[in-house]
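The values are calculated or read from the model by the stated rules, or taken from the named source; none is laboratory data. Everything quoted here is computed from the prediction, not taken from an experiment. Backbone-built Cβ (ideal geometry, glycine too); neighbour counts: all protein chains shown.
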Amino acid sequence: MLLEPRETFEALRRDFRWKIPNDFNIGRVVADDWAARHPERVCLQHFSPDGRHLSMTYGELSSQSSALAEALTELGVIRGDRVALLMPQCFETVIAHVAIYKMGAITLPLALLFGEEALEYRLRDAGARVIVTNSFGLQRLKAIKARLPALQTVISVDGSGPNVIGFRSMIEGRSGLFDIVDTGPDTPALMIYTSGTTGPPKGALHGHRVLAGHIPGFQLAHDYLPQPDDKIWTPSDWAWAGGLLNALLPALMLGVPVVSSPAQKFDPHMAFRIMAEMKVRNAFIPPTALRLLKAVDKPREAYDLVLRSIGSAGESLGRETYEWVKAALGIVPNEFYGQTECNFVLSSAAHLGVSKGGFIGKAVPGHEVAIIDAEGRELPAGQTGQVAIKRPDPVMFLGYWNNPKATEDKFIGDWMKTGDLGRQDEEGYVQFFGRDDDVITSSGYRIGPAEIEDCLIGHPAVRLAAVIGKPDALRTEIVKAFVVLQDGYTAQAVLSAEIRDWVKNRLSMHEYPREVEFVTELPLTTSGKVIRRLLRDQEIAKAS
Ligand code: ATP
Ligand code: MG
């Protein structure tokens, strides 16, 4: 799966072939294979605000995950069972992941930020049998546990309670030897619910091959990782495809240490402190978080950074943020693209000259990506259509959990529809236009919010922006912008007029926001993405 270096991106695409072994197992490749050769090699480092950072080696990860697999087997957990992980970034989370993969069971990563309703929905829908969590998660579970009959076992890494098993007590005193069960590329390994940005979340079930499928994109987005001293960190929760599959698992597979950090609201100063103190060389930072980093003045002078690559995905990065990262951090960020169902299929690769502000990037070696029309026909360069990925593809999901209809609807012929609109230029760069349902229809025009938001962010007063279509009797919809201001600016009519003109002068006339509303924050998913749907619903409610 590793890329063999080539001079050009095109040569990489031309020469690349998937070679995924028939007995592929995520637990083996991220832990035991390394432990067999380099047991002392560090695989994880935990950032602690008090400066006492702890490390873990591949040898420890391998034996502790085997011990946990043995203990879970004794509890009756078998291949195919869903084991929920309601955990922050910490060593135990990784131990549990690896144990479950070795057993042929299925991990169900859940974000600690989920409220009770969100948790109950996912645990019930997945029919999770076991949950591994911490004292914070135990609190959340209290109210819902009785309504989840399938959930038989609760394991906690700290804190205790009635019928709660201690994580450490499960692995202590065991041999640390476990025979990895037989798994192949298509054996179910993990299930991640989509972010729920546009509708009710669906469980995307993946086979072990999903990790192999991420490797080429991961290597390119980090400028030929692994290189000596590489070390990765992400502020993204490991419960998302972003944190888990764009950072944690591929890095462990390639022998690159991963820095973990305590869960908290994204704090730009803390982010720089973590990267400086832990000597982070590679970072996966989603666009909204990158924009928030702007709050730190002259970061390269304030912090001793050794960062060499930044990958960013999950939302549109946009030209403005791209340029800011280049200027402020001295790194060309590599934007990439994917979704929980089929991740990391487009990417930039700055070291190979594939990088263009305002464009996501090109189809990663090993993946076929096209812009298609409603009938599934490939569209030529310049035309806007749906971004689609051709099957088979190792990063492509096995299907939605318990929802064959939704799975079927996701395809047209051999194309998997992403629900995102984009266009390709003559060189093969894909530009993001907007999610299908975020596209604004105004006076007969189809307007994508991404470009307008990007333009707004270029205004010195704007920190974050979200653009929606507000229902309008005359024009169907009008463009409305919600704007969070930078510190030091006050919300007033002159500023909103100035911001409207800013867009009017830079984009086409029909794209400028007729309304600008200043807000103190935007509704974000727990993975940090703007939920435009909620802003739209608010406007509809106000109008009726
Ligand atoms: P749901 O499917 O539940 O509505 P979601 O689509 O946000 O939620 P994810 O699978 O986490 O859940 O996110 C994938 C989506 O994120 C993509 O379909 C796309 O809309 C957006 N996205 C990812 N990368 C990029 C990017 N580089 N540029 C623009 N959008 C991106
Ligand atoms: Mg989606």
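Key figures
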| item | result |
| --- | --- |
| Residue among Lys294, Lys265 that alone is at pLDDT below 95, surrounded by fewer than 21 Cβ atoms within 10 Å (Cβ to Cβ) and within 27 Å of Val354 (Cβ to Cβ) | Lys294 |
| Flag if Glu408 is closer than 22 Å to Val210 by Cβ, surrounded by fewer than 19 Cβ atoms within 10 Å (Cβ to Cβ) and more than 13 Å from ligand 1 (Cβ to nearest atom) | yes |
| Residue list for the range 465-488, filter: surrounded by 19 or more Cβ atoms within 10 Å (Cβ to Cβ) and either of a type in the set (Gly, Ala, Ser) or not in a strand (DSSP E or B) (or both) | Ala465, Ala466, Gly469, Ala481 |
| Selected residue [touching a residue at least 60 places away in the same chain (Cβ under 8 Å), away from ligand 2 (no atom under 16 Å from the Cβ) and not β-branched (Val, Ile, Thr)] from Arg291, Arg281, Arg273 | Arg291 |
| Hits in the range 272-296 - residues which are outside any loop (DSSP other than H, G, I, E, B) and more than 30 Å from Ala35 (Cα to Cα) | Phe272, Arg273, Pro287, Thr288, Ala289, Leu290, Arg291, Leu292, Leu293 |
| Selection within the range 121-138 - more than 15 Å from Ser195 (Cβ to Cβ) and buried (at least 19 other Cβ atoms within 10 Å of the Cβ) | Leu123, Asp125, Ala126, Ala128, Arg129, Val130, Ile131, Val132, Thr133, Asn134, Gly137, Leu138 |
| Output for the range 489-516, where each listed residue is touching a residue at least 24 places away in the same chain (Cβ under 8 Å), crowded, with 17+ Cβ neighbours inside 10 Å and assigned to a helix (DSSP H, G or I) | Leu495, Ile499, Trp502, Val503, Glu511 |
| Qualifying positions in the range 524-538 - more than 14 Å from ligand 2 (Cβ to nearest atom) and either surrounded by fewer than 16 Cβ atoms within 10 Å (Cβ to Cβ) or not β-branched (Val, Ile, Thr) (or both) | Leu524, Gly528, Leu534, Leu535, Arg536, Asp537, Gln538 |
| Any chance Phe411 is within 16 Å of ligand 2 (Cβ to nearest atom), more than 16 Å from Asp436 (Cα to Cα) and either out of contact with any His (no Cβ under 8 Å at 6 or more places or on another chain) or at pLDDT 95 or above (or both) | no |
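Here is a yes/no grid of residues against (1) away from ligand 1 (no atom under 12 Å from the Cβ); (2) of a type outside the set (A, V, I, L, M); (3) closer than 20 Å to Leu244 by Cβ:
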| residue | (1), (2), (3) |
| --- | --- |
| Glu301 | yes, yes, no |
| Gly311 | no, yes, yes |
| Arg319 | yes, yes, no |
| Glu335 | no, yes, yes |
| Phe344 | no, yes, yes |
| His351 | yes, yes, no |
| Gly358 | no, yes, no |
| Gly361 | no, yes, no |
| Val369 | yes, no, no |
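Yes/no matrix, rows are residues, columns are (1) in a helix (DSSP H, G or I); (2) without any contact (Cβ under 8 Å) to a residue 12 or more places away in the chain; (3) within 16 Å of ligand 2 (Cβ to nearest atom):
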| position | (1), (2), (3) |
| --- | --- |
| Arg300 | yes, no, no |
| Asp304 | no, no, no |
| Glu315 | no, no, yes |
| Ala328 | yes, no, no |
| Ile331 | no, no, no |
| Val345 | no, no, yes |
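Rundown of residues vs (1) part of a helix (DSSP H, G or I); (2) at pLDDT 95 or above; (3) not acidic (Asp, Glu), yes/no style:
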position	(1), (2), (3)
Ala96	yes, yes, yes
Lys102	yes, yes, yes
Leu108	no, yes, yes
Glu120	yes, yes, no
Ile131	no, yes, yes
